[in-house]
Amino acid sequence: MITKHRCANGVRIIVEKIPTVRSVAIGVWIGAGSRYETPETNGISHFLEHMFFKGTETKNAREIAEAFDAIGGQVNAFTSKEYTCLYAKVLDEKAEYALDLLSDMFFNSVFLEEELKKERNVVLEEISMYEDTPDDIVHELLSVASFGEHPLAYSILGTKKTLLEMDRSTLEAYRQELYTPENIVISVAGNASDSLIKAIEAHFGTYESESIKPILERPTIHHNKLTRQKKTEQSHLCLGFSGLPYGDERLYDLAVLNNLLGGSMSSRLFQEIREERGLAYSVFSYHTSFIDTGLLTIYAGTAPDQVDEVYETILTTLEDLHEDGITAREIENSKAQLKGNLMLSLESTNSRMSRNGKNELLLQTQRSLDDMIASIEGVTIETVNNLAKDLLDTEYSLSFIGPTNKTFTT
């Protein structure tokens, strides 16, 4: 059972008690990501996430790491385009101690100049590492092709130029602006005690901030085709179609559609491009939802002399799906797989914590397992085919990275 409590200052606490496990996952979710940045501050959400691990008023970076290691716990963080999460998974008996550490990092990080300099260099190395992985960069290039100059096109890591211009005052100003009580969700899943919930309210339920969350500009989906020449062994290709935002009632139809398109080993793209033609090792599709839009992405990596055949095969597969629709066998297999994946995810306290925290932060609501199963069961051939016609009957954006220049005109 999932319970929700709103503190007096606006911080929301979401708890899913699971007495049959011995672990507790605690996540601090903040509505702050690269979408909330400007061209001058691009990368600040991710950089700030890094700095939470670099020392507080009472502990340095090593002592923070040693404190979690000493209790056999896991601690980490991540940044996306629309949110940041700082989280830990520990034994239930160590949950309150882990909460003390997380709250200390959240409230008392000091951003020492020496640590800022070192961590800035770490992130610059992360950017360099990312540049060496074209199968990652091509997805970022697709964001630019799809969202143009909108902040959803910004890199989560930022740029070398913007990072070099960030200092302690920049980080503090950004934290003051977006790390506000109304913009914070604490999500807990596992064998959580009542005293842990009280401790969360004691830590997070009293601080105040007068800042107001910025109003987001709804993006326009573009259909640009961007190519980049880079010395690589493979060529990397992405196609992007307009998708659905968080909370859209058709997301379960889209989950089924994506699964049979390229989201599984039995999907049409995987079977046709890899199994039947042997043109690629990696070929898949996935959908990304945002607050007010979404993007359905198809990716394939192949030898440079096979790009045209892979591209034409993708387009033919999409045309067949759009014109002829799906089969009864496909929809039943896809629904069964989605239900299986959903049930398996319930075995992880981290997965439950993440789902609950993200749902509350972005949708302000929770759904029970029975509701989600019912939504999957409610998907029909007609609803999937109608959605395929809506989404795949549009133009698409495209990104390409490879050792030779190419032009895509279709």
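May I ask you to list pairs of residues, at least six apart or on different chains, whose Cβ atoms are under 8 Å apart, with the first in segment 161-174 being at negative phi and the second being basic (Lys, Arg) and open to solvent by less than 40 Å² (accessible area, probe 1.4 Å)?
Leu163/Arg120; Leu164/Arg120; Met166/Arg120
Inside segment 97-113, can you point out the residues that are part of a helix (DSSP H, G or I) and either at pLDDT below 95 or touching a helix residue (DSSP H, G or I) at 6+ places or on another chain (Cβ under 9 Å) (or both)?
Tyr97, Ala98, Leu99, Asp100, Leu101, Leu102, Ser103, Asp104, Met105, Phe106, Phe107, Glu113
Show the residue pairs meeting these rules: Cβ distance below 7 Å; 6+ apart or different chains; first residue within segment 321-332 and under 15 Å from Ile376 (Cα atoms); second residue in a helix (DSSP H, G or I) and open to solvent by less than 100 Å² (accessible area, probe 1.4 Å).
Hits for this filter: Ala328/Ile381; Glu330/Leu260; Ile331/Val256; Ile331/Ile381; Ile331/Val384.
Scan segment 359-410 for residues that are within 25 Å of Leu321 (Cβ to Cβ) and part of a loop (DSSP other than H, G, I, E, B) and jot them down.
If the condition is that a residue be within 25 Å of Leu321 (Cβ to Cβ) and part of a loop (DSSP other than H, G, I, E, B), then Gly378, Val379, Thr380, Asp393, Thr394, Glu395, Tyr396, Lys406, Phe408, Thr409, Thr410 are the ones that fit.
Taking segment 248-263 only, how many residues are among the polar types (S, T, N, Q) and either open to solvent by 20 Å² or more (accessible area, probe 1.4 Å) or part of a loop (DSSP other than H, G, I, E, B) (or both)?
Total meeting the criteria: 1.
Is there a residue being among the aliphatic types (A, V, I, L, M), in contact (Cβ under 8 Å) with a residue 60 or more places away in the chain and assigned to a strand (DSSP E or B) anywhere in segment 30-49?
Among the residues of segment 30-49, at least one is among the aliphatic types (A, V, I, L, M), in contact (Cβ under 8 Å) with a residue 60 or more places away in the chain and assigned to a strand (DSSP E or B), which makes the answer yes.
Is it fair to say Ala77 is hydrophobic (A, V, I, L, M, F, W, C) and either more than 30 Å from Ile401 (Cα to Cα) or touching a Gly at 6+ places or on another chain (Cβ under 7 Å) (or both)?
No, not satisfied.
Would you mind finding the one in Ser266, Ser334 that is among the hydroxyl-bearing types (Ser, Thr, Tyr) and surrounded by 21 or more Cβ atoms within 10 Å (Cβ to Cβ)?
Exactly one residue qualifies, and that residue is Ser334.
The conditions are (1) in contact (Cβ under 8 Å) with a residue 24 or more places away in the chain; (2) more than 28 Å from Gln74 (Cβ to Cβ); (3) out of contact with any Gly (no Cβ under 8 Å at 6 or more places or on another chain), and Thr316 fails exactly one of them. Which is it?
(1)
Here are Ser45, Ser80: which of them is within 15 Å of Leu157 (Cβ to Cβ), among the polar types (S, T, N, Q) and open to solvent by less than 10 Å² (accessible area, probe 1.4 Å)?
Ser45
Does at least one position in segment 116-132 carry a residue that is over 17 Å from Thr170 (Cα atoms), at pLDDT below 95 and charged (D, E, K, R)?
Scanning segment 116-132, I find at least one residue that is over 17 Å from Thr170 (Cα atoms), at pLDDT below 95 and charged (D, E, K, R), so the answer is yes.
When both residues are 6+ apart or on different chains and their Cβ atoms are under 8 Å apart, which pairs have a first residue that lies in segment 212-226 and is exposed (fewer than 14 other Cβ atoms within 10 Å of the Cβ), and a second that is among the charged types (D, E, K, R) and not in a strand (DSSP E or B)?
Lys213/Glu182; Pro214/Glu177; Arg218/Asp292
The values are calculated or read from the model by the stated rules, or taken from the named source; none is laboratory data. Not measured: the values here are computed from a predicted model. Here Cβ is always computed from backbone atoms with ideal geometry, including for glycine, and neighbour counts include all displayed protein chains. With ligands, DNA and RNA removed, areas are computed over all heavy atoms of the protein, side chains included. Shrake-Rupley method; radii C 1.70, N 1.55, O 1.52, S 1.80 Å.
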